[in-house]
Amino acid sequence: MRVEARALLIALSVVLLLPMCGFAPNPAQQAGADFIVTAAPVYVSLAELRGEERFPKGAHLLLVHEGKAEPLVTGFAASADAQVSFDGTMVLFAGKQAENDPWQIWEVTLKDRSVRKVLTTATDAERPFYLPSGRMIFALRTTRGFKLQSDEDGHPPKFLPMNPSAKPGPLQLSYMRASVFPADVLADGRILFEAGYPLGSGTTPEMYLVYADGSGIESYRCDHGRARWGGVQLASGDTVFTHGASLARFTSPLAREERVAAPQAEYAGAIAETDSGAWLVSARATAGPPYTIRLWKPGAATMETVAAEKGVNLVEPVLVAPRTRPKRHPSALHPWSYANLLALDARLSRDGALRGTPASVRLETQDAEGHAVAMGTAPVEQDGSFFVKVPGDKPIRFALLDAKGTVLRQEHGWFWARSGEQRICVGCHTGPERSAENRVPAVLLRTTTPVDLTSASKTDNARQAHVGGR
Amino acid sequence: MSHVLRSRLRACLATVLMATAAVLFAVALWNGRTAGAVVTGRTGDLLTYPSPLEVLFSPDGGRLYVLCNGSDEVRVLDAATYAVIKNIEVGRVPRGFSLSPDGKRLFVTNSWDDTLSVIDTGTLDVTATWHVGAEPSSVMEDRAGRHLFVANRISNDVAVLNAQTGAEEKRLVAGRGASYMTSSPDGSRLYVTHVYPNLAEHRSVPESEMTVIDTARAVVVDRIPQHGIAGVFHVAISADGRLGAAADLHPKNLVPLAHLEHGGAFEDTLTLFGADVGNKTVEVPLDELERYVARPFGVAISPDKSRMYVTSSGSEIVTVIDVPRLLGYVRTHRAPFVQDLSASANYVVARVAVGRDPRGMAFTHDGRRLLVANRLSDTISVIDTRTNRVASTIEIAGPKQLSVLRYGEQTFYTARYSFQGQIGCANCHIDSTFDGLEWDLEPDGFGRDIVDNRLIEDLKDTDPYKWNGGNPNLPTECGPRTELYFWRSENYDDLTLTDLVTYMRSLKPRPNRWKLPGYELTAAQERGKEIFERKVDKFGAPIPLTNRCSYCHSGPKGTNQKSFDVGTKKATDDYAVMDTPQLRNVALTAPYLHDGSAATLEEIWTVYNPADKHGRTNDLTKDELNDLIEYLRTR
């Protein structure tokens, strides 16, 4: 054996033997990088989906370096929701300078800890995330909870996009009478957010996706039923989330969630993936004691505590490290006040076969009080296709009717279409696993003009009525 | 031995084993890194890269033959050391090769020469060059050594040659774009696949076919329909002959291309056939919900039929399929499967990242290694079939520097820029040509402005682009337009876009097969040329300048680069004025007109020119129109 090979073998052996001799790095160091957590005496899980305060007794961000925690920023009455920039040099966060201030979006430069206010809003602005091209998203408090909002992050774009996807200034991304809260920005550029299921009417926490211009809203997966939140995408592309008492993941091959065999514990939402593939999780053994940050290597039977503070919950761990920038979404919205929706076969659904033949589809929206308002009907072709023009940036839903006007199927919740959006649905709640059949939908052979359902008074005035439900 | 001592020994042994494993891992990592070293910096020089397209082992397993599509060579390597034994020059743009059953001859199809090179594997010399049909793409000899079968992409047929003399005995009509073939294990049948869909009614579901040839009689005995499939590439049959699989492109060209998620533009599938699937065809998806297997090309079934491997030239991966699980899934679930993006979870067991534009594959004789030709990396990935990992990477000697054109070509063929990696330029421009499909693009409105996909060969200086002439230049066409309406995701940076455009502007037209060798015209072509250039009609009436063929279709490429209303606007079109398309190799690119409504060149005038707005043609007889078409085919 050559000398170099021997030396390498010995060196590796020594490295491997060190843990046996008690020289293993401490668990915090095993995280591989510094990390930031939100420390809060009281952490109310999922309060955001009720439009309530997650940290009713305040919170502050801690930077954990080699097992030692120190405040990330000073001069703030409260700070939370850290989000590290793609190059790992800056951190966006929600902060309050005075206790009674609304949460606002701030940014700290890690090198010198200089802080700047990124945005001033009249109400709480929370959970910011960097987007490519000098923009960010966050949750903005409204009278009905939170909505998704996009705005400039104050940095000029690092590159010149050939087609800037967003105009300067604020851009509302969600249009729902319900609280929605961002969870992550996926590698493909879509925004992962949490809201109740059915969207706009239900209370079971669920995860949804939307493009960075607010178009393309859809459920991440359609195996609804279990409360899931705190979703974070891993380097592999899987998205890990919590049910509270367990962790689970969405993977690209599967249309349903897959259980993560993590130790039994009560988890508090988002995890962080380290370079080594281990996860930082916020967990506690049972309800009662505060959450601590633990390091778990997927597959291991146990977790190691890497950060804990007596009487304080540590949640939302975020690694301080460069990371891959998500792709920028090039917005192709048209300059319209409406949207066009084409259903290829409304008869298709995960909910099973229809009890009759759909003859028409009714569009409903919500009025200012949240009452459902019928916007008119459009014919459904024999192949199940229909093509409609709908109001943009409003909650909408469809109901399939038979020839007598009886409702055959009603959408579970509400969704929106952005002004200028043109979108295709494979069916009615077919799930993201279902792709389109390659054929010209019958409705487009009859007409390429969508039925205008943008104005109740114009299309179906006589039948316009509150149709029940809020 | 005491318990303590045994424990210590076990601990020591474990430590040594771990250390050894770590060393081996480090060495493997080191090897992988050096073999796959990426050369940065791009030169403007015109460099010739080998571009390995197909690989083949000699019957004794001692030699590896590598078909180099870019350098017009077969490289012969020692299969153990991968050292070069000889580089053999063949014809232009070789596309396929195979060994005679006795292994003594290697046949190579030279797609741009319309020839077949015959190589003596003993001397490694080219002993004969035989003329075949238009754009020969693959070749096989029958077991008896009587016939050679050559799939011709452009002439859409399979030529049957005398295997000893090369004399062509007959042509068997195949489907459109006949390109790849495989033999049943007993050699009695050949299965031929096609890269273009057969001609069909306007806006109808694409149809391809697998042409089945009885090798003893040299006749077509079956045409297996492939419904919904536009392009089919390699086809393989298991050693027991009970399972066949072909790699397919399943387009969504009839649905408005509003977004890419949920297989919005293409699905990537396999067509299974044979006794294992009940002697019918079953199409199964390879894609996942958020990850695509863009442009499946090569298919290989392991000798024991436990695994199937599929290269994806756009996704730059090899997909590994568990065959028993695949068959179990097919047998226990109700077809159709193709619209279920979660189906592949039932049978795909691994996706192995390889080089750029992976194409053909070959197993080592023991089946433990699978070699994958990475055309645009100039490498061969060696996959350990037990671990489904790349064990090593063989470099095929060529220029060390990446040229602008090469980088542009890599960009053209990759799917990495589109949303979730679903498509690349080459999805619709197969091998940098076209796809024979009409598409419904979103920005013009659903169901409106249906557009035929145009050939991109020789498109330099044919601006503007798009059928309505809306894009003034290629950077606009391939940059913002592609990002917004095709990729639906962040596009290239400006430098990459420049490289891509440079590559596209460099695309040469393939040889025109309707021209005589000396470029003189036949009598019919001469008569057609006169019609093309005429200024008065048959009744002596002058033809207005803008209504003469030679006015709009002027210049060497057959376009004056202006737009005209030639009366072809349909009710679903927003524009009547259309860009004048170039005429390069127009004979190949059916269907015709901006929306692909004319199935043939003839229909342009017999069906879609009632008012003589698309040139004065209604005074022509059928024979005269034929003459005009004969001339157009020479352009």
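The values are calculated or read from the model by the stated rules, or taken from the named source; none is laboratory data. Being a predicted model, the structure only gives us computed values, none of them experimental. Glycine also receives a Cβ, built like all others from the backbone with ideal geometry; neighbour counts cover every protein chain displayed.
The C-beta contact set for region A:164-177 (first residue at pLDDT 95 or above, second residue among the aromatic types (Phe, Trp, Tyr) and buried (at least 23 other Cβ atoms within 10 Å of the Cβ), distance under 8 angstrom, 6+ apart or interchain) comprises A:Ser174/A:Phe193; A:Ser174/A:Trp416; A:Tyr175/A:Trp416. For the structure I just gave you, tell me whether B:Glu207 is within 14 Å of another protein chain (Cβ to nearest Cβ) and either within 27 Å of B:Leu53 (Cα to Cα) or small (Gly, Ala, Ser) (or both). Spelling it out, B:Glu207 is indeed within 14 Å of another protein chain (Cβ to nearest Cβ) and either within 27 Å of B:Leu53 (Cα to Cα) or small (Gly, Ala, Ser) (or both). Checked against the criterion of being more than 11 Å from chain A (Cβ to nearest Cβ), farther than 19 Å from B:Ile430 by Cα and assigned to a strand (DSSP E or B), region B:247-264 has no qualifying residue.
Among the candidates B:Ala134, B:Ala151, B:Ala80, B:Ala144, the residue that is out of contact with any Leu (no Cβ under 8 Å at 6 or more places or on another chain), over 23 Å from B:Leu190 (Cβ atoms) and of a type in the set (A, V, I, L, M) is uniquely B:Ala80. Within region B:518-532, one or more residues are in a loop (DSSP other than H, G, I, E, B) and under 27 Å from B:Gly70 (Cα atoms). Looking only at residues in region A:403-432 that are touching a strand residue (DSSP E or B) at 6+ places or on another chain (Cβ under 6 Å) and part of a loop (DSSP other than H, G, I, E, B), the one that is nearest to B:Val205 (Cα to Cα) is A:Val426. Being over 27 Å from A:Arg113 (Cβ atoms) and either buried (at least 19 other Cβ atoms within 10 Å of the Cβ) or in contact (Cβ under 8 Å) with a residue 60 or more places away in the chain (or both) is the filter here; which residues of region A:43-73 pass it? Within region A:43-73, A:Ser45, A:Leu46, A:Glu48, A:Leu49, A:Arg50, A:Gly51 meet the criteria. Identification of strands (runs of 3 or more DSSP E) wholly contained in region A:315-394 with 2 or more residues that are under 25 Å from B:Pro256 (Cα atoms) and within 14 Å of another protein chain (Cβ to nearest Cβ) yields A:338-343, A:386-391. Filtering region B:616-635 to residues that are part of a helix (DSSP H, G or I) and among the β-branched types (Val, Ile, Thr) leaves only B:Ile629. Taking region B:100-144 as the region of interest, the strands (runs of 3 or more DSSP E) fully inside it that hold 1 or more residues being surrounded by fewer than 22 Cβ atoms within 10 Å (Cβ to Cβ) are B:105-110, B:115-120, B:125-131. For region B:490-517, the set of residues classified as polar (S, T, N, Q), part of a helix (DSSP H, G or I) and within 14 Å of another protein chain (Cβ to nearest Cβ) consists of B:Thr496, B:Thr498, listed by residue number. Against the numbered list (1) more than 14 Å from chain B (Cβ to nearest Cβ); (2) closer than 29 Å to A:Ile137 by Cα, A:Pro263 comes up short only at (2).
Looking for something in a strand (DSSP E or B), in contact (Cβ under 8 Å) with a residue 40 or more places away in the chain, surrounded by 14 or more Cβ atoms within 10 Å (Cβ to Cβ) and more than 14 Å from chain B (Cβ to nearest Cβ) - is there at least one such residue anywhere in region A:110-117? Within region A:110-117 (the criterion being in a strand (DSSP E or B), in contact (Cβ under 8 Å) with a residue 40 or more places away in the chain, surrounded by 14 or more Cβ atoms within 10 Å (Cβ to Cβ) and more than 14 Å from chain B (Cβ to nearest Cβ)), the answer is yes, since at least one residue qualifies. Candidates are the residues of region B:471-489 that are at the interface with another protein chain (Cβ under 7 Å from one of its Cβ atoms) and over 22 Å from B:Pro251 (Cα atoms); the one that is farthest from the chain's Cα centre (by Cα) is B:Pro480.
Of all residues in region B:95-114, those that are within 18 Å of B:Gly61 (Cα to Cα) have Cβ atoms under 6 Å from Cβ atoms of residues that are surrounded by fewer than 24 Cβ atoms within 10 Å (Cβ to Cβ) and of a type in the set (D, E, K, R), 6 or more apart or on another chain, in B:Ser100/B:Glu141; B:Pro101/B:Arg143. Sort out which residues of region B:581-615 are part of a loop (DSSP other than H, G, I, E, B) and among the polar types (S, T, N, Q), and write them in order of number. Correct list: B:Gln582, B:Asn585, B:Thr589, B:Ser597, B:Thr600, B:Asn609. Taking (1) in a loop (DSSP other than H, G, I, E, B); (2) touching a Leu at 6+ places or on another chain (Cβ under 9 Å); (3) under 14 Å from B:Lys466 (Cβ atoms); (4) not basic (Lys, Arg) in turn, B:Met578 satisfies each apart from (1). If the condition is being in a strand (DSSP E or B) and basic (Lys, Arg), then region B:213-246 contributes only B:Arg223. Please determine, by comparing only the residues of region A:48-103 that are among the small types (Gly, Ala, Ser) and part of a strand (DSSP E or B), which one is nearest to the chain's Cα centre (by Cα). The residue in question is A:Ala82.
Quick check, is B:Ser208 modelled with pLDDT of 95 or more and buried (at least 22 other Cβ atoms within 10 Å of the Cβ)? Criteria met by B:Ser208. Applying the set (1) at pLDDT below 95; (2) under 26 Å from A:Ala187 (Cα atoms); (3) not acidic (Asp, Glu) to A:Gly67 leaves exactly one unmet item: (2). In region A:432-453, the residues that are more than 7 Å from every other protein chain (Cβ to nearest Cβ) and over 23 Å from A:Asp393 (Cβ atoms) reach residues that are buried (at least 20 other Cβ atoms within 10 Å of the Cβ) and of a type in the set (Phe, Trp, Tyr) with C-beta atoms within less than 6 angstrom, at least six apart or across chains, in these pairs: A:Val443/A:Phe386; A:Val443/A:Phe387. With respect to the numbered conditions (1) touching a helix residue (DSSP H, G or I) at 6+ places or on another chain (Cβ under 9 Å); (2) within 26 Å of B:Ser138 (Cβ to Cβ); (3) of a type in the set (Phe, Trp, Tyr), which one is the sole condition not fulfilled by B:Phe337? Only one criterion in (1) touching a helix residue (DSSP H, G or I) at 6+ places or on another chain (Cβ under 9 Å); (2) within 26 Å of B:Ser138 (Cβ to Cβ); (3) of a type in the set (Phe, Trp, Tyr) is unmet by B:Phe337, namely (2). Checked against (1) within 14 Å of chain A (Cβ to nearest Cβ); (2) closer than 24 Å to B:Lys460 by Cβ; (3) part of a loop (DSSP other than H, G, I, E, B), B:Pro556 passes all but a single condition, namely (1).
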